[in-house]
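What follows is a short report on a single structure.
The values are calculated or read from the model by the stated rules, or taken from the named source; none is laboratory data. No experiment lies behind these values; they were computed from the predicted model shown. Cβ placement follows ideal geometry from the backbone for every residue including glycine, while neighbour counts extend to all protein chains displayed. To get the accessible areas, we keep the full protein, side chains included, count just its heavy atoms, and leave off ligands, DNA and RNA. Shrake-Rupley method; radii C 1.70, N 1.55, O 1.52, S 1.80 Å.
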Amino acid sequence: DPRSIVTNGGALVIFWSWEDSALSYYAPPIGERDFKTPVGVLTRSAFIPGTPRAVSVTADGEALLWDTVDLPEVASTDRRATKLIKLHQGSIGHVDTIGSMLVTGASDGHVRFFDFDFRALAWFEDLDAGAVTSVSFAHAPNIEAKAAETDAGGGVGSLECPDFVVATANALIISCQASMFDELTPDERKGTLLVQGQDAAAHGLAAHPFLPRFAVTGYSGLLQLWDYAEKRLLYLRMFERLNGHSLAFSRDGRLIAVGFTSGLLKLLDATKLHEIASFAVSKACVTHIDFSACSNYLAAAAD
């Protein structure tokens, strides 16, 4: 029904209807007495196509099913919470439908496919990319996503759905194919990394003196070297337990200096980010770095 809308806050779900150029709404109650257990903070909601039902997911990894009920005190179009079921071990940040399947992504890093009765059909649990925040499917109008079928031996059949990308809280975007579900090893079920961004504040930014490149670092401890002409990541370097704050290229483009909040300064090869030297400049954050015109000398300032 294109006139129906569902929205939710942390503790309330509202069903809206657009009729006669006006919006009307109904907010069904959610009571612990209905399920004999508290319902977690609501995160997302979605309609289940072809049915009057809807689903809301929670920060406790649960799904709350909304369905029409035949009660004299409610209208025939009103919905009530009828089922609460555990789907993930972490907060569910994404819920959607593709074909005849329900798709969820959660903070446990897993993407799972269910039929509309919440029976598990497929699961992608080896992405190893952090908490899932979004899942998006390729536009494939001629491909009908079908529920995986259980064969005579009790196994699960091949998943049929369009290719999809997964975004995570670690600033990663992973490309996935349905065929990954049939792979035997975890490495083959990780997907393909498309984008690796900064998952914390970026504080250091420096452009190469003559090549179309720039470097960026931040409080995630990640240093990235990008080619902005080709729009691609060239190299990256992760510094464990260190927060990058300042960056500078040498004037000849051969070196890059990285200053950290701990007062440490590292000198790296500007081509492949190999470490050349490390200095304890201060016990405070290195805020500024600059090379001399001849690139033989380096000055650093700290808080």
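A few comments on the model shown:
- For the range 74-125 versus the range 223-293, the gap between their alpha-carbon centres in whole angstrom: 44 Å
- For the options C161, C285, C176, a Gaussian network treatment of the chain with springs between C-alpha atoms closer than 10 Å singles out C285 as fluctuating the most.
- Listed by chain and number, the lysines placed with their C-alpha closer than 27 angstrom to that of K86 are K36, K146, K190; residues fewer than eight positions away on the same chain are left out.
- The range 190-262: C-alpha pair distances exceeding 20 Å, %: 29 percent
- Cα centroid of the range 180-194 to Cα centroid of the range 42-68, whole Å: 29 Å
- Distance between the 7 Å Cα→Cβ label points at A140 and T185: 2.5 nm.
- Vicinal HN-Hα couplings computed from phi for the range 23-29 (Karplus, 6.51 cos²θ - 1.76 cosθ + 1.60; Hz; Gly/Pro x): 9, 10, 9, 9, 10, x, x
- Legend: Rg and Dmax of the range 179-303, from Cα coordinates, 16.5, 57 Å.
- Counting only protein heavy atoms and a probe of 1.4 Å, the accessible surface of the chain is 51% carbon and sulfur.
- Percent of Cα-Cα distances greater than 35 Å, calculated over the chain: 41 percent
- Derived scalar couplings between HN and Hα for the range 49-66 equal x, x, 9, x, 8, 9, 9, 10, 10, 10, 6, 8, x, 10, 10, 10, 8, 10 Hz in order, rounded to whole Hz, by the Karplus curve 6.51 cos²θ - 1.76 cosθ + 1.60 (θ = phi - 60°), x for Gly and Pro.
- Under 5 Å between amide hydrogens, built in the peptide plane, is the criterion, and for L255 it picks out S250, A270 among residues at least 5 positions away or on other chains.
- Sequence-distant residues sharing a close amide H with H245 (under 5 Å, placed H): G259, F260, T261
- The chain - percent relative contact order, Cα under 8 Å, separation 6 or more: 7 percent
- A 1.4 Å probe run over the chain, with the rest of the protein chains in place, finds 53 Å² accessible per residue.
- Whole-Hz Karplus values for the range 83-92 come out as 8, 10, 9, 7, 10, 9, 8, x, 4, 8 Hz, taken residue by residue from phi with 6.51 cos²θ - 1.76 cosθ + 1.60 and θ = phi - 60°; glycine and proline positions read x.
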